[in-house]
Amino acid sequence: MTENKRDHIRKRIKKDYIIITFKTTTAAMAMENRCLKKGIPGRLIPLPGGIAAGCGLCFRMLPEEYAKWEKELGCGEGSGTEVYHYVM
Amino acid sequence: MIYLDNAATSMRKPEEVIRAVTDALQTMGNAGRGAHQASMTAARGIFGVRQQLADFFHAGDASRISFTANSTESLNIAVKGLLLPGDHVITTVLEHNSVLRPLYEMQERGVDITCLDCDETGMVYAEDFEKAVRDNTRAIICTHGSNLTGNLLDAEEIGAVADRHGLLFILDASQTAGIFDIDVEKMKVDVLCFTGHKGLLGPQGTGGIYVREGLRIRPLKSGGSGIRTFDRAHPDQMPEALEAGTLNGPGICGLGAALSYIERVGTHQILRQEETLMRAFYREIKDIPGIRIYGNFRQPHRCPIVTFNIGEEDSALVAGRLYDEYDICVRAGGHCAPLMHQALGTRSQGAVRTSFSHYNTMDEVMEAAAAVREESRLYGR
């Protein structure tokens with residue numbers, strides 16, 4: 001590991017994120033695919049231990065981006081997804 | 001070598017299939033088991049193929065497609081996961097053992113089976129299914145195309161019968177997927193079972209099952225899924241509900257490349273080429289003295305298969321000679337279709353099956369026909 005990388009890790013600051021969870025890996029992949037097509041920023045990460053969900057992957061994005069794209073994302077009741085604020 | 005055994009497996013694959021499998025073997029981690037690049041490469045690749053298959057079969061949502069190892073696994077999932085003791089199911093003598101044997105197992109557990117007989121050309125029609133419907137009929141399960149005669153059943157009409165009577169329609173598309181357009185919506189198919197290594201031109205060990213939205217199937221297998229780790233029961237969400245264990249990622253990526261190839265060439269073009277070859281072979285051999293051909297060749301469309309016998313000669317001996325003397329690969333024997341052979345009266349003789357790919361050429365067809373002509377001339381000497 002380079003010194004720069006080490007320095008970057010030491011200075012890491014925790015941030016508030018929106019975490020979208022899924023019941024299946026396929027649903028997570030479908031979300032990633034949809035976001036890529038629509039240019040919605042965010043990415044799939046391993047599900048933090050503090051959140052319980054079916055799938056080990058979740059979609060992470062910044063709260064302001066979530067607010068902007070909430071309608072297109074179609075999360076929440078009946079969608080098979082759950083939305084959390086999570087500091088990480 | 002002239003390979004005319006494409007109904008067993010399409011040996012020649014598009015170049016991009018080989019490249020996709022090789023790429024996957026070099027870059028893929030385990031899908032759904034992590035968020036690192038290797039795992040995500042696998043997950044993205046597999047999801048992409050799932051969506052391709054959903055589009056290909058007009059299933060809409062990718063989550064309705066589960067991957068399996070082949071049609072046999074898909075059919076076992078459908079038969080054992082949907083039928084219950086006391087249910088009645090309608091099937092046909094055209095079926096492969098991958099349908100019949102799971103059904104016989106279920107028969108031992110109290111499922112009642114009606115097996116529709118065929119006419120002298122090996123055909124079964126939608127009205128035959130309608131006449132067999134009873135109060136306790138739960139499902140129709142049948143092949144889309146006979147692996148022995150190549151006869152094509154009218155899936156749309158049979159699906160309409162199932163729909164009219166509120167029955168499940170389970171379609172075995174082993175011989176037709178990739179060659180004929182299959183629209184699960186239009187055909188009212190509840191469960192579609194397909195293999196990847198025949199008409200779909202993918203690697204062996206790939207296949208899948210489409211399950212209509214709202215229909216739940218008891219899984220055949222349970223185990224690792226990458227989701228709901230701490231639950232004692234296997235998750236019931238599709239498609240993972242029917243996918244315990246690590247998927248055949250490289251094979252699935254190969255299947256995806258094959259689907260792209262088929263979409264580029266077009267199923268209509270593939271069917272046109274294969275039917276041209278099949279009908280040319282049929283025309284060349286049909287009037288040879290002593291030749292008996294099985295199946296309905298008056299159908300406007302049929303699977304690219306011509307099955308025949310030479311007199312009373314053992315089909316295995318004919319197939320052996322075709323390979324030894326002419327370097328032609330065909331399939332002899334029972335073709336895992338015992339009831340169809342029984343109906344055709346070829347249980348002991350078996351039959352010689354030739355099956356064509358769009359990669360075959362007219363020269364190969366003519367050479368094979370000449371070989372059959374010669375073998376027929378020598379028959380009995």
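The values are calculated or read from the model by the stated rules, or taken from the named source; none is laboratory data. For clarity, every value in this text was computed on a predicted model and none was experimentally measured. Using ideal geometry, Cβ is built from the backbone for each residue, glycine included, and neighbour counts are taken over all protein chains shown.
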- Note on the structure: The residue that is farthest from the other protein chains (Cβ to nearest Cβ), considering only those in region B:206-236 that are of a type in the set (A, V, I, L, M) and more than 30 Å from residue B:18 (Cβ to Cβ), is B:220
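Give me the residue from region B:1-34 that is of a type in the set (Lys, Arg) and within 21 Å of residue B:264 (Cα to Cα) and, out of that set, farthest from the other protein chains (Cβ to nearest Cβ).
B:12
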- Can you tell me which residues in region B:35-67 are facing chain A (nearest Cβ under 7 Å) and assigned to a loop (DSSP other than H, G, I, E, B)? B:35
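I need a count of the residues in region B:113-138 that are part of a strand (DSSP E or B) and buried (at least 17 other Cβ atoms within 10 Å of the Cβ).
Applying the first criterion (part of a strand (DSSP E or B)) to region B:113-138 yields B:113-116, B:137-138.
Narrowing the set further to residues that are buried (at least 17 other Cβ atoms within 10 Å of the Cβ) leaves B:114, B:116, B:137-138.
Result for region B:113-138: 4.
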- Which residue pairs have Cβ atoms closer than 8 Å, lie 6 or more positions apart in sequence or on different chains, and pair a first residue in region B:60-78 that is within 13 Å of residue B:99 (Cβ to Cβ) with a second residue that is part of a helix (DSSP H, G or I)? B:71/B:98; B:72/B:98; B:75/B:98; B:75/B:99; B:75/B:102; B:76/B:98; B:76/B:102; B:77/B:242
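This table checks each residue for (1) surrounded by fewer than 16 Cβ atoms within 10 Å (Cβ to Cβ); (2) at positive phi; (3) in contact with a Ser or Thr (Cβ under 9 Å, 6 or more places away or on another chain); (4) not β-branched (Val, Ile, Thr).
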residue	(1), (2), (3), (4)
A:33	yes, no, no, yes
A:44	no, no, no, yes
A:74	yes, yes, yes, yes
A:87	yes, no, no, no
- Message: It is to be established whether one or more residues within region A:26-49 are modelled with pLDDT of 95 or more, in a strand (DSSP E or B), closer than 19 Å to residue A:80 by Cβ and away from chain B (no Cβ under 13 Å).
- Response: no
- Which of (1) closer than 18 Å to residue B:57 by Cβ; (2) part of a helix (DSSP H, G or I) is the odd one out, the single condition residue B:141 does not satisfy? (2)
- Item | Only listed residue being of a type outside the set (Phe, Trp, Tyr) and either without any contact (Cβ under 8 Å) to a residue 12 or more places away in the chain or more than 25 Å from residue B:41 (Cα to Cα) (or both), chosen from A:38, A:23, A:11 | A:11
- Item | Entirely in region B:268-381, the helices (runs of 4 or more DSSP H) that have 1 or more residues that are within 24 Å of the chain's Cα centre (by Cα) and surrounded by fewer than 18 Cβ atoms within 10 Å (Cβ to Cβ) | B:315-326, B:338-344
- Task: Would you check which residues across region B:174-208 are in contact with a helix residue (DSSP H, G or I) (Cβ under 8 Å, 6 or more places away or on another chain), part of a loop (DSSP other than H, G, I, E, B) and of a type in the set (A, V, I, L, M, F, W, C) and list them?
- Result: B:179, B:182, B:187, B:189, B:200, B:201
